[in-house]
1. Hey, what do the phi angles of the stretch 37-44 turn into as Karplus ³J(HN,Hα) couplings, whole Hz, using 6.51/-1.76/1.60 and θ = phi - 60°, x for Gly and Pro?
2. Where in the chain lies the longest segment free of chymotrypsin sites (Phe, Trp or Tyr not before Pro) that are both loop residues by DSSP (not H, G, I, E, B) and have at most 16 other Cβ atoms within 10 Å?
3. Out of all Cα-Cα pairs in the stretch 34-97, roughly what percent, to the nearest whole number, are more than 14 Å apart?
4. Under unit Cβ charges (Lys, Arg +1; Asp, Glu -1), what dipole magnitude, rounded to 20 debye, does the stretch 52-179 have relative to its Cα centre?
5. Okay, helix-only estimate at 222 nm for the chain: each DSSP H run of n ≥ 4 adds -39500 (n - 2.57), divide by all residues, round to 500 deg cm²/dmol; what do you get?
6. What are the ³J(HN,Hα) couplings of the stretch 127-141, residue after residue, when phi is run through the Karplus curve with 6.51, -1.76, 1.60 and θ = phi - 60°? Round to Hz, x for glycine and proline.
7. So what's the projected area for the stretch 80-179, the Cα convex hull averaged over all directions, in nm²?
8. Can you find, among ALA133, GLY101, GLY115, the residue sitting farthest towards the positive end of the charge dipole of the stretch 73-141, where Lys and Arg contribute +1 and Asp and Glu -1 at Cβ?
Amino acid sequence: MSTSKTVKDYIRTIVDFPHKGIMFRDVTTLFADPRGFRMAVDQMLHPYAGQRIDKVVGLEARGFILGGAIAHQLGTGFVPVRKKGKLPGATISQEYKLEYGEAVVELHKDAIQPGEKILVVDDLLATGGTAGAGIKLIEKLGGEIISCSFIIDLPELGGRKHLESLGMDVHVLCEFEGL
C-alpha cells in the first residue's frame, strides 16, 4: 500500500468557518509544507508544458502565492487582480456577485498588452464569481486566456460550469463535496 500523499491530503478542513454550516478548505497547511507546496505548483504547471504563457494572473489573495510561484517557474511576469482600492496606479474595475451582496476587483490598465497569453490561477473555485470578474478584466485589456487553474473545486457551487460557459479551459487538482 502506497503512503504517497496527494495535494488533497495537505488541505485541512475547518468546520463552521467563517459561518455555521461552512466546511472551509484551508490551503495554508498545503502552502506551509515544502513538499505539498512544490507538488501543487508542479501539478498546476504540468498541463501547460510547452505552451506560450506571457503572464500569470493571480486572484486575490491566495492566488498571489500560487501565481508568484508559477510565474517564477515559467520565467514570466505576474499580475495581481485585487480588491477595489488596493492597486496604486490607473485601474479598470469589474463588479461581481457574492453569496450576500456584491464586490469589485481591479486590474492595472497597463498590466496586460493585447494578444498576451494569460494563465489565471487561484486556490479555490466555488461559484466562479471572482474568476469570472478577473477574466472580464483580462479580456477588456485584450489578453487571451489560455486556461484557469485551481487547487480545489467545489463542484456543487457550479464555478467550473460557469467558467466553461464563458469558453474557459479549467484545470483543478482536487475536488471537495459540500460547501
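1. 3J(HN,Hα) across the stretch 37-44, in whole Hz: 5, 4, 4, 4, 4, 4, 5, 6.
2. Working: sites that count: TYR100, PHE176.
Segment 1-99 is the longest.
3. Cα-Cα pairs of the stretch 34-97 separated by over 14 Å account for 62 percent.
4. Details: 14 positive and 18 negative charges, 93 e Å.
Once rounded to the nearest 20, the dipole reads 440 debye.
5. The helix-only estimate for the chain comes to -8000 deg cm²/dmol at 222 nm.
6. 8, x, x, 5, 4, x, 5, x, 4, 4, 5, 4, 5, 4, 8
7. The number I arrive at for the stretch 80-179 is 6.2 nm².
8. Of the options given, the answer is GLY115.
The values are calculated or read from the model by the stated rules, or taken from the named source; none is laboratory data. Note that the structure is predicted; figures quoted are calculated from it, not measured. When we count neighbours, we look across all protein chains shown, and the Cβ atoms used for this are built from the backbone with ideal geometry, even at glycine. Protein only, heavy atoms only, side chains kept; ligands, DNA and RNA dropped before computing areas. Shrake-Rupley method; radii C 1.70, N 1.55, O 1.52, S 1.80 Å.
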